[in-house]
Amino acid sequence: MKKKTFAVDIDGTITENGGGRIHLDALDALRRLTNMGHDVIFVTGRSSIEGYLLSVFGGTTKIAVGENGGCITLDSNDHVLLGNIEECKTALEIIKNNVDDVKEKLVFPRMTEVVLERTFDLDAARKILSKNNINVELSDSQYAFHINSSGINKGTGFSKIMEKYSILRDDVIAIGDSATDIPLFKVAKTSIALGNASNLVKSEATMTVSANAGDGVIEALDKLAFTDLNQQ
């Protein structure tokens, strides 16, 4: 069986009920994949430290891509910063001064991005930033709004992992549910959108499943075990 690398989102993918609670059966399935010799790497809009801690306690590969690709954590005190938090803070101030109801979200400390509550008009904020020639990424993970440096996304962040560990695109399987996962889908040969994903996200995936979140992860892995992994 050829080794595969699973790039797995966290919120809305292996969490349930929108509260950050881990779907234990999905995590167990990912741990079993790791025990079989595959890599399972969390790629998340949360901090890379949260993703790394989940890998430690969950028994998956101890690497995490966080902050929507802005930060990679390779060990407890080994972080690769790909984004620039200062330019994100500059963008935040411009948005705050021109758009109503902009609030920072209380999250685990970030090293490369700014995280906001989903309380304001995202398109209006994008227009304001464009008008002021501020070139950053403003995205919606369904968990929060994120300000990232230009060119930073889950795909570019995970590509750094692929380069570092000589992982081929043909061996990558990405699993996610939100628009922030689309760039990740583009660097993977196989991409899976869960049942709770929007039609846009599903249209960008090579495969979809009907079940939501953790149940969808289990459904996806069952399908892959039948159609893909056992044939390698």
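The values are calculated or read from the model by the stated rules, or taken from the named source; none is laboratory data. Everything numeric here is computed off the predicted structure, so don't read it as measured data. Reconstructed Cβ throughout: ideal geometry from the backbone, glycine too, with neighbour counts over all protein chains shown. For the accessible areas, the whole protein counts, side chains as well, though only heavy atoms, and no ligand, DNA or RNA atoms are used. Shrake-Rupley method; radii C 1.70, N 1.55, O 1.52, S 1.80 Å.
Comparison of D170, D140 shows that the only residue that is without any contact (Cβ under 8 Å) to a residue 60 or more places away in the chain, acidic (D, E) and within 22 Å of K4 (Cβ to Cβ) is D170. All of I49, I22 fail the test of being open to solvent by 30 Å² or more (accessible area, probe 1.4 Å), in contact with a Phe, Trp or Tyr (Cβ under 7 Å, 6 or more places away or on another chain), over 21 Å from E137 (Cα atoms) and not acidic (D, E), apart from I49. Tell me whether the stretch 116-126 contains one or more residues that are surrounded by 19 or more Cβ atoms within 10 Å (Cβ to Cβ) and of a type in the set (K, R). Looking through the stretch 116-126, none of the residues is surrounded by 19 or more Cβ atoms within 10 Å (Cβ to Cβ) and of a type in the set (K, R). Screening the stretch 1-115 for helices (runs of 4 or more DSSP H) wholly inside it with 2 or more residues that are touching a Lys or Arg at 6+ places or on another chain (Cβ under 8 Å) returns the ranges 48-58. From the list S159, S150, S178, S139, the one residue that fits, being more than 23 Å from I14 (Cβ to Cβ), polar (S, T, N, Q) and either surrounded by fewer than 24 Cβ atoms within 10 Å (Cβ to Cβ) or outside the structural domain of E93 (by TED's automatic domain parsing) (or both), is S150.
Candidates are the residues of the stretch 188-213 that are open to solvent by 30 Å² or more (accessible area, probe 1.4 Å) and in a loop (DSSP other than H, G, I, E, B); the one that is nearest to I22 (Cα to Cα) is N212.
The residue that is farthest from the chain's Cα centre (by Cα), counting only those in the stretch 120-137 that are hydrophobic (A, V, I, L, M, F, W, C) and farther than 19 Å from G83 by Cα, is I128. I'm trying to understand the selection: among the residues of the stretch 58-109, which are of a type in the set (A, V, I, L, M) and exposed (fewer than 15 other Cβ atoms within 10 Å of the Cβ)? Selection gives L81, L106.
Criterion applied to D140, D170, D177 was being touching a Leu at 6+ places or on another chain (Cβ under 8 Å) and modelled with pLDDT of 95 or more, and the one residue passing it is D177. Assigned by TED's automatic domain parsing to the domain that holds L168 and open to solvent by 10 Å² or more (accessible area, probe 1.4 Å): does that describe L30? Spelling it out, it is not the case that L30 is assigned by TED's automatic domain parsing to the domain that holds L168 and open to solvent by 10 Å² or more (accessible area, probe 1.4 Å).
For the stretch 88-105, the set of residues classified as β-branched (V, I, T) and farther than 11 Å from A125 by Cβ consists of T90 only. The set of residues in the stretch 215-232 that are assigned to a helix (DSSP H, G or I) and modelled with pLDDT under 50 comprises F226, T227, L229, N230, Q231. A single member of E113, E87, E104 is among the acidic types (D, E) and either within 30 Å of E219 (Cα to Cα) or without any contact (Cβ under 8 Å) to a residue 24 or more places away in the chain (or both), and it is E104.
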